[in-house]
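Data block below; observations after.
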Amino acid sequence: MAETLNIKEQIKQLVSLQDIDGKIYALKTAKDELPQEIASLQKSFEEKKAHLNSLEDRYKALALKRKEKELELSSQEENVKKLNGQLFSLKTNKEYQTMLEQIAGRKADNSVREEEILKIMDEQDVIKAEVTKEKTRLSEEEKKFLEQKKKLEERAKELEGAINDLTAKGKQIIPSIDKRIYAVYERILKALHGLALVKVENYTCQGCFIAVTPQVVNEIKMLERLVTCGACARILYLEEDL
């Protein structure tokens, strides 16, 4: 590094740039979390839709089952009519009694089918009421979801605008920083989550909060070169010396 380079002035510029880059990093972090928030809202809404779909599917299944039972009942009622019609053609009492027993059995079976159909109808009524209620609730949930999604998307645009503004400000500072110093700063910035330059307070690095020796503090005060933390590798400076 050239001897004529003003380290104090360079660090002043880095402090200004770090302030901007720190804000940019925080904004980018917030912006990167928004898609996950939107996805979480979407998932929650889809789960509520799935519940409605399951109710509607249950209703359809009951309607199909009811139709099958009604067809069975209709078919068996026709059989009873046929058997009743055959009673007068029977020649013996035994045949007549046997036929009556068959008719009674079929009628008993039909009574069971009628009960089953009534139970299905009752269950349909319950589910239909639930579907109506769920549709109303889901309509409100969809409205809420879309409003929240819109706000998050608008927030993403706001954050992007703020990031662009800060990036533009940072670009105005960068030319005043030595290229070699900026290269070191940028490398650390990317590696250490947007924090490349930190103060030393009470002999403690404010990046990793590990103690800094008096010798290192003296090296920082000399302002002859960049001094980095032995623990976290961030560039160190003393606010009172700037």
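Which residue, of 130, 160, is of a type in the set (D, E, K, R), assigned to a helix (DSSP H, G or I), in contact with a Lys or Arg (Cβ under 8 Å, 6 or more places away or on another chain) and in contact (Cβ under 8 Å) with a residue 60 or more places away in the chain?
Within the list 130, 160, the selection yields 160.
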(Q) So in region 214-242, with the set limited to residues that are free of Cβ contacts under 8 Å to residues at least 12 places away in the same chain and exposed (fewer than 13 other Cβ atoms within 10 Å of the Cβ), which one is nearest to residue 193 (Cα to Cα)? (A) 240
(Q) Within region 213-230, does at least one residue satisfy the condition of being among the small types (Gly, Ala, Ser) and within 38 Å of the chain's Cα centre (by Cα)? (A) no
Q: Scan region 192-203 residue by residue and report those that are without any contact (Cβ under 8 Å) to a residue 40 or more places away in the chain and loosely packed, with under 14 Cβ neighbours inside 10 Å.
A: 201, 202, 203
Q. Residue 211 is checked against (1) open to solvent by 50 Å² or more (accessible area, probe 1.4 Å); (2) hydrophobic (A, V, I, L, M, F, W, C); (3) in contact (Cβ under 8 Å) with a residue 40 or more places away in the chain and fails just one. What number does that condition carry?
A. (3)
(Q) For region 54-105, which positions are under 29 Å from residue 121 (Cβ atoms), open to solvent by less than 90 Å² (accessible area, probe 1.4 Å) and among the hydrophobic types (A, V, I, L, M, F, W, C)? (A) 55, 61, 62, 63, 73, 80, 83, 103, 104
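Examine region 106-115 for a residue that is in contact with a Lys or Arg (Cβ under 6 Å, 6 or more places away or on another chain), modelled with pLDDT of 95 or more, part of a helix (DSSP H, G or I) and open to solvent by less than 80 Å² (accessible area, probe 1.4 Å), and state whether such a residue exists.
Pass one, region 106-115, residues in contact with a Lys or Arg (Cβ under 6 Å, 6 or more places away or on another chain): 113.
Checking the rest, the ones that are also modelled with pLDDT of 95 or more come to none.
Within region 106-115, none of the residues are in contact with a Lys or Arg (Cβ under 6 Å, 6 or more places away or on another chain), modelled with pLDDT of 95 or more, part of a helix (DSSP H, G or I) and open to solvent by less than 80 Å² (accessible area, probe 1.4 Å).
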Q.
Given (1) in contact with a helix residue (DSSP H, G or I) (Cβ under 9 Å, 6 or more places away or on another chain); (2) outside any loop (DSSP other than H, G, I, E, B), identify the lone condition not met by residue 230.
A. (2)
Q: Filter region 170-206 for residues that are among the acidic types (Asp, Glu) and not in a helix (DSSP H, G or I) and give the result.
A: 178, 201
Q) From the set of residues in region 9-52 that are closer than 22 Å to residue 140 by Cα and open to solvent by less than 40 Å² (accessible area, probe 1.4 Å), which is farthest from the chain's Cα centre (by Cα)? A) 52
Q) Hey, among the residues in region 151-184 that are under 35 Å from the mean Cα position of the chain (by Cα) and of a type in the set (A, V, I, L, M, F, W, C), which one's most open to solvent (accessible area, probe 1.4 Å)? A) 168
Q) Is it the case that residue 119 is open to solvent by 90 Å² or more (accessible area, probe 1.4 Å), at pLDDT 90 or above and out of contact with any helix residue (DSSP H, G or I) (no Cβ under 6 Å at 6 or more places or on another chain)? A) yes
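The values are calculated or read from the model by the stated rules, or taken from the named source; none is laboratory data. As the structure is a computational prediction, the values presented were derived from the model and not from experiment. Positions of Cβ are backbone-derived with ideal geometry, glycine not excepted, and every protein chain shown enters the neighbour counts. The protein model used for the area step is the full one, side chains on, heavy atoms only, and it has no ligands, DNA or RNA in it. Shrake-Rupley method; radii C 1.70, N 1.55, O 1.52, S 1.80 Å.
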